[in-house]
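Engineer: Can you keep this structure in mind? I'll have questions shortly.
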Amino acid sequence: MLIKSRKFAVLGNPVEHSLSPVIHQHFARQFGHDIEYSRQRLETESFAQYVQDFFVAGGGGLNVTVPFKLLAHGCADSLHASAQQAGAANTLALRENGIRAWNTDGAGLVNDLIGRCNLALAAKKILILGAGGAAQGIIGPILECGPMSVTVANRTQAKADKLLSRVAPRYPEVDLYADSLQGLATGERTFDLIINSTSLGLDGSQVSVATGIAAGAFCYDLSYGESAVFAQWARRAGASGVADGLGMLVEQAALSYEIWLGVKPETATVYQRVAEQLDSSD
């Protein structure tokens, strides 16, 4: 059942900075769609009721950002496999059996890595920094690509162990390793791809992994723009290539648009336009 409504929104707190309305309006123009897409700043206690009221009033679909992805997962009547695996949701739509939840973050990341960044993930050694909600949302689609190994390093190794224990039974062919960020300080190991899913540097802290670990690796920061402190560090550390998370943002949005309206937008030109807009606002 495709959505007839043209009313959409992104829910978050804070949400004023969100580029989602701009991105989705670019998508809509590709198909001649006339949509309304707003930002809605909510409090935790009002989230579930807002979602219910939005769809009762005929809303077409919702994107969900920090800090509500777990709540979005919990208030849905059914879960797509992507949301089940991630344990969180960033896309909601009304289906015949009620509100259904998806998580397009991981697939959006993979699409950006393979498409715009031109990376092959099969048989590669991948390091994910962080074991929180962002890592939980991306690890499944990464493992689906058949890497040689995936190492998850977190400030506390126990959290990395817990994340890997959830996914290990489904991917016995991939070597999985847990570590602490301190354990990477020696820089003795090498990786083909390093993905930062933490807030390294954003709170004033320094990137605490050894610079040698980035040398020769492609480094991808899930943050974008001025917030992509890890990407800035990776450039100085001699990474073979660096990208921030703007491409992932555009790609996950395109997947949401397809869920709602049944058509897959072209993303390359939208990425370029949004990147130029960000550059001009600096």
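The values are calculated or read from the model by the stated rules, or taken from the named source; none is laboratory data. None of these values were measured; they are calculated from a predicted model. Glycine also receives a Cβ, built like all others from the backbone with ideal geometry; neighbour counts cover every protein chain displayed.
Engineer: Just give me the residues in segment 224-279 being outside the structural domain of Ile126 (by TED's automatic domain parsing), of a type in the set (Gly, Ala, Ser) and exposed (fewer than 14 other Cβ atoms within 10 Å of the Cβ), in sequence order.
Structural biologist: Within segment 224-279, Gly262, Ala268 qualify.
Engineer: Here is a further query. If a residue counts only when it is in contact (Cβ under 8 Å) with a residue 40 or more places away in the chain and more than 16 Å from the chain's Cα centre (by Cα), which helices (runs of 4 or more DSSP H) contained entirely in segment 1-120 have at least 1 such residues? Full working, then the answer.
Structural biologist: Numbers: elements: 20-31, 47-56, 69-75, 81-86, 105-114.
Once the helices (runs of 4 or more DSSP H) in segment 1-120 are filtered for at least 1 residues that are in contact (Cβ under 8 Å) with a residue 40 or more places away in the chain and more than 16 Å from the chain's Cα centre (by Cα), what remains is 20-31, 47-56.
Engineer: Among all residue pairs at least 6 apart or on different chains, which show Cβ distances below 7 Å where the first residue, located in segment 166-178, is at pLDDT 95 or above and the second is hydroxyl-bearing (Ser, Thr, Tyr)?
Structural biologist: Close Cβ pairs satisfying both conditions: Val174/Ser149; Asp175/Ser149; Tyr177/Ser149; Tyr177/Thr151.
Engineer: Would you mind finding the one in Leu127, Leu164, Leu119 that is farther than 20 Å from Leu184 by Cβ, in contact with a strand residue (DSSP E or B) (Cβ under 8 Å, 6 or more places away or on another chain) and crowded, with 16+ Cβ neighbours inside 10 Å?
Structural biologist: Selected residue: Leu119, the only one of Leu127, Leu164, Leu119 that is farther than 20 Å from Leu184 by Cβ, in contact with a strand residue (DSSP E or B) (Cβ under 8 Å, 6 or more places away or on another chain) and crowded, with 16+ Cβ neighbours inside 10 Å.
So that you can scan it fast, the table gives a plain yes or no per residue for (1) closer than 26 Å to Ala135 by Cβ; (2) of a type in the set (S, T, N, Q); (3) at pLDDT 95 or above; (4) surrounded by fewer than 14 Cβ atoms within 10 Å (Cβ to Cβ):
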position: Lys4; (1), (2), (3), (4): no, no, no, yes
position: Gln40; (1), (2), (3), (4): no, yes, yes, no
position: Ser46; (1), (2), (3), (4): no, yes, yes, yes
position: Val51; (1), (2), (3), (4): yes, no, yes, no
position: Val66; (1), (2), (3), (4): yes, no, no, yes
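Engineer: Looking at the structure I just gave you, is Ala9 touching a Gly at 6+ places or on another chain (Cβ under 9 Å) and surrounded by 18 or more Cβ atoms within 10 Å (Cβ to Cβ)? Let's see the steps before the verdict.
Structural biologist: Details: touching a Gly at 6+ places or on another chain (Cβ under 9 Å): yes; surrounded by 18 or more Cβ atoms within 10 Å (Cβ to Cβ): yes.
So Ala9 passes the test.
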